[in-house]
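Everything on this sheet refers to the single structure shown next.
The values are calculated or read from the model by the stated rules, or taken from the named source; none is laboratory data. All values reported here derive from a predicted model rather than from experimental measurement. Methodologically, a virtual Cβ is constructed for each residue, glycine included, from the backbone with ideal geometry; neighbour enumeration extends over all protein chains shown. Only protein heavy atoms, including side chains, enter the accessible area calculation; ligands, DNA and RNA are left aside. Shrake-Rupley method; radii C 1.70, N 1.55, O 1.52, S 1.80 Å.
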Amino acid sequence: MAAPALKIAAASAADPAKTPAAPVVALPQRKAVPAAGRLAKKASTIAAAVLPPLVVVVALMLIWQLAANRPGATLPAPSVIWAESKDLILEPFFVAGPQDIGLGWRVLTSLQRVAIGFGLAAVAGVLVGAIIGQSVWAMRGLDPVFQVLRTVPPLAWLPISLAAFRDANPSAIFVIFITSVWPILINTAVGIRNIPADYQNVAKVLRLNAIEYFFKIMVPSAAPYIFTGLRIGIGLSWLAIVAAEMLTGGVGIGFFIWDAWNSSKLSDIIVALLYIGIVGFALDRLVAAVGSVVTRGTLAS
Amino acid sequence: MPAYLKLDHIDKSFTRAGVTSEVLRDVNLVINAGEYLSIIGHSGCGKSTLLNLIAGLTQVSAGAVLMEDREVNAPGPERAVVFQNHSLLPWLSVYDNVRLAVDKVFSGVKTKAERHDWIVHNLDLVQMGHARDKRPGEISGGMKQRVGIARALAMEPKILLLDEPFGALDALTRARLQDSVMDIHARLKNTMIMITHDVDEAVLLSDRIVMMTNGPSATIGEVLAVPLSRPRRRLDLVSDPRYIAAREAVLRFLYERHKLMEAA
C-alpha cells in the first residue's frame, strides 16, 4: 500500500526539481512525502484491521450457505434470510403498528432498560464497593454473601422480582441491576483496597476529609479497577436483558426473538441475533473507551 | 522558651499477630527552629518509624512528640512530608498535584489568584515551572522528587520532613537536588529533618547528624554537630579537614561501633 503513494509523491515533487535552484525544491518535497506517506500508512492500518474479519465473515457465510442448501437442512441459508427479512435489516426504524416496529426501536427499548438497571448498579456498586474496600469488617462480613449471590444466574432472580414488583418492566430492570452489580462492587472494593499507602499518607498529611478523599484519591486511584468491573457489568446486563425480556414480554429485542420463535420466523431470529451481538459489542467498546479516557495516566507511576 | 520540636522519651512498638516487637526505645531529642537535621542509621533501625512519628502518621507507644509544647499525634500540613518515592498522584498534572495541597491548606486564606501565584512560585523554586502541565509519568525521577518537594514546601510547613528523598535517584541527579535543597533551606530558613543512609549527604546538608543504634529497640546513639559554615560548596568541602573529620566520625559510628550484625 505504501509504495505507490510514495512514488506519486516523489513524482509530483520531481517537476519543480527541474529548475536549477536545487535548495528551493527541497522544502515542498519534504512536506509532500510524509503527508502522502501518512495517508497510505493510515489506509494500510485500516485495511489490516478490516480485511481479516471481512474475509472470515465471507468464508463463514459461504460455508453456511452451502450447509443450509442441502436437502433436509433445518435452518435458513443467508440467501433465504435476506429474502425473508431484508426489511428488518435495511429499515431498523420503521413503525407499522403497535407491535410491528423496526428492530432499532426494540433495541432502543432494551437499551433504555439496561441504561436504568446498569446505571443504578454502577452507582450502588461503586458506593458499596468503596465502603467494603475501606472496612476490613465489612469485607469479612459481606464478601462471602456477595460471592454466593453473584453466582445466581440472572433468570433465577426473575420470579422473585416479579413477585416483589408485580410488573414486568421494573422486574426486568431489577434483573439487570442484580446481575451487573456484583462485578462492579467487587472490583471497586479490590481497587480501593489496593490504593497505595503513599496516597493515603498524602491524604493524611493534607488532612483531606472523607468527601475530598473519596473524589480526589479513592475514585481516581481505583478507576482502572472500577472500569474493569463496569465493563464486565455492561456485558452481563446485555446478556440478562435478552433473557429477561423473553419471559416478561413487551417491546424489547428479547421478546421479539421469543415472538418470532412462536410464529416460526427463523430468519427474523437470526437477524435479531446479529443486532444483539453488534449492540453488545458496541456497549463493551463504549465502556472501554470511556474507561481509557477517564483512567488516562492513572496506571503510570 | 519552649523547644521548637521535642521528642520526649519516645517508645514505639508494633504488635502483629500477637507478637510485640519494640522498634524504638527511649528516644530523646530537641530540634531547633531553622535547623537542618539528618537521621542516619542502618536499614531496620527505625529511622523511618521515627519520621512517621514526627509526621503523626503513626502513634507513639509511650512518650510524646511536642511541637512548641503541644503534643503532636495526627498528621498535618505544618509538618509536610517529602516521601521517598515522591508519591505524586499520577492522574494529576504537576501543577494540580501542588494545587491539591495549596487549595487544601490555603482555601480560606488566599484568593484563587494568590493561590495560583503561590503554586507557580513553588514550582519555580524547584525549577519545575516549565513542566507544570506534564503528568508525573512524563517526567524523570529527579523531576518527580522536585515536584514532591514543591508540594511539601507549598504547604508552608513549620517542619519539612524528608524520608530518604534522594534514595531512588542516580548520583548526578542526587547531587543537583541536594544543592537545590541546600539553596531552598538557605532562602526559606525552615526546619528540615531528613532520613538518609548516605554519609556524605548527611554531612554535606546537616547542622546536626543523629546517629541511630541498630534495632530492635533502637535509640539515638550519638548526635554529631557539623561545624561547617554555610553556604557549603561540595567541591570546597572535599578537602576541608572539618568535613573529613565529621565524615569519619559518622563512618566509625556506623561501621565500627554499630556494625550491622547480619548476613544481609
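Remark on B:ILE39: its backbone amide H falls under 5 Å from those of B:MET194, B:ILE195, B:THR196, B:VAL210, a criterion applied only to residues 5 or more positions apart or on other chains, H modelled at 1.01 Å from N.
Remark on the range B:21-60: accessible area falls by at least 40 square angstrom from chain-alone to full-complex state for B:LEU57, probe 1.4 angstrom. Derived scalar couplings between HN and Hα for the range B:152-160 equal 5, 5, 5, 6, 6, x, 6, 10, 9 Hz in order, rounded to whole Hz, by the Karplus curve 6.51 cos²θ - 1.76 cosθ + 1.60 (θ = phi - 60°), x for Gly and Pro. Taking 29 Å as the straight-line reach from the Cα of B:LYS6, the lysines in range (excluding those fewer than 8 positions away in the same chain) are A:LYS204, B:LYS47, B:LYS104, B:LYS158, B:LYS189, B:LYS259. Could you tell me whether chain A comes out rounded, prolate or oblate from its Cα gyration tensor? Rule is a ≥ b ≥ c as square roots of the eigenvalues, rounded for a/c under 1.5, then prolate if a/b exceeds b/c, otherwise oblate. Since a/c reaches 1.5 but b/c is at least a/b, the shape of chain A is classed as oblate.
Determine the sum of side-chain charges near B:VAL30: Lys and Arg each +1, Asp and Glu each -1, restricted to other residues whose C-beta is under 14 angstrom from that of B:VAL30.
Details: positive: B:LYS6, B:ARG208; negative: B:ASP8, B:GLU35, B:GLU68, B:ASP69, B:ASP207.
Charge balance in the 14 Å sphere: -3.
When the helices of chain A are scored as -39500 (n - 2.57) per DSSP H run of n ≥ 4 and the total is divided over every residue, the value at 222 nm lands at -27000 deg cm²/dmol. The antiparallel fraction among DSSP beta bridges confined to the protein assembly as shown stands at about 55%. Compared with its chain on its own, the range A:156-203 contains the following residues whose accessible area drops by 50 Å² or more in the full protein assembly (probe 1.4 Å; ligands, DNA and RNA excluded): A:ASP198, A:TYR199, A:VAL202. Net charge in the neighbourhood of B:PRO136 (other residues with Cβ under 13 Å of its Cβ; Lys, Arg +1, Asp, Glu -1) is +3. Residue by residue along B:88-96, Cβ atoms of other protein chains within 10 Å of the local Cβ number 5 on average. Short-range pairs are left out: with C-alpha atoms under 8 Å and at least six residues apart, the relative contact order of the range B:194-264 is 29 percent.
Straight-line reach from B:LYS110: taking Cα to Cα under 18 Å and skipping same-chain neighbours fewer than 8 places apart, the aspartates and glutamates in range are B:GLU78, B:ASP96, B:GLU156.
Please state the shape class of the range A:64-150: rounded when a/c is under 1.5, otherwise prolate if a/b exceeds b/c and oblate if not, all from the C-alpha gyration tensor. In terms of gyration-tensor shape, oblate. Amide H contacts under 5 Å for B:VAL82: B:LEU161, B:LEU162, B:ASP163, restricted to partners 5 or more places along the chain or on a different chain, H placed in the peptide plane at 1.01 Å from N. Considering only A:ARG207, A:ARG150, A:ARG231, the mean-square fluctuation computed in a Gaussian network model of chain A, springs between alpha carbons under 10 angstrom, is largest for A:ARG207.
The protection proxy used here, the mean number of other Cβ atoms lying within 10 Å of each residue, ranks peptides A:60-69, B:36-45 as follows, highest first: B:36-45, A:60-69. With the helix formula -39500 (n - 2.57) applied to DSSP H stretches of n ≥ 4, chain B reaches a computed 222 nm mean residue ellipticity of -10500 deg cm²/dmol. Charge dipole (Cα centre; +1 on Lys/Arg Cβ, -1 on Asp/Glu Cβ; no other charges) of the protein assembly as shown amounts to roughly 1080 debye.
Each part reduced to its alpha carbon centroid, the range A:130-180 and the range B:5-41 end up 49 Å apart. Descending by average beta-carbon neighbour count within 10 Å, the peptides A:209-218, A:140-149, A:250-259 line up as A:250-259, A:209-218, A:140-149, the highest first.
Please say if the range B:113-171 is rounded, prolate or oblate, where rounded means a/c under 1.5 for a ≥ b ≥ c the square roots of the C-alpha gyration tensor eigenvalues, and otherwise the choice is prolate for a/b larger than b/c and oblate otherwise? Mind showing how you got there, number by number?
Values: a/c = 2.60, a/b = 1.21, b/c = 2.15.
Cα axes put the range B:113-171 in the oblate bin.
Quick one: net charge of B:ALA225's neighbours, Cβ under 12 Å, K/R +1, D/E -1? Result for the neighbourhood of B:ALA225: -1. Take every Cα pair under 8 Å whose residues are at least 6 apart in sequence, average their separation, divide by the length of chain B, and the relative contact order is 25 percent. The residues of chain A expose on average 57 square angstrom of accessible surface per residue, using a 1.4 Å probe on protein heavy atoms.
Solvent-accessible area lost on pairing B with A (1.4 Å probe, both sides summed) amounts to about 2000 Å². Each residue of the range B:185-191 was assigned a 3J(HN,Hα) from its phi angle through the Karplus curve 6.51 cos²θ - 1.76 cosθ + 1.60 (θ = phi - 60°); the sequence is 4, 5, 7, 8, 6, 8, 7 Hz, with glycine and proline shown as x. Taking a straight line from the alpha carbon of B:LYS12, these aspartates and glutamates sit under 17 Å away, with near neighbours fewer than eight places off in the same chain left out: B:GLU22, B:ASP26, B:GLU71.
DSSP finds beta bridges in the range B:1-133, and of those with both partners inside it, around 100 percent are antiparallel. Mean separation of Cα pairs under 8 Å and 6+ residues apart, divided by the residue count of chain A: what relative contact order is that in percent? With pairs under 8 Å counted, the relative contact order is 19 percent. Using the Karplus relation 6.51 cos²θ - 1.76 cosθ + 1.60 with θ = phi - 60°, the per-residue 3J(HN,Hα) values for the range A:177-185 come to 4, 5, 7, 8, 6, 5, x, 5, 4 Hz, with x marking Gly and Pro. Could you work out what % of the accessible surface of the protein assembly as shown is carbon and sulfur, using a 1.4 angstrom probe and leaving DNA, RNA and ligands out of the count? The nonpolar share, carbon plus sulfur, comes to 63 percent.
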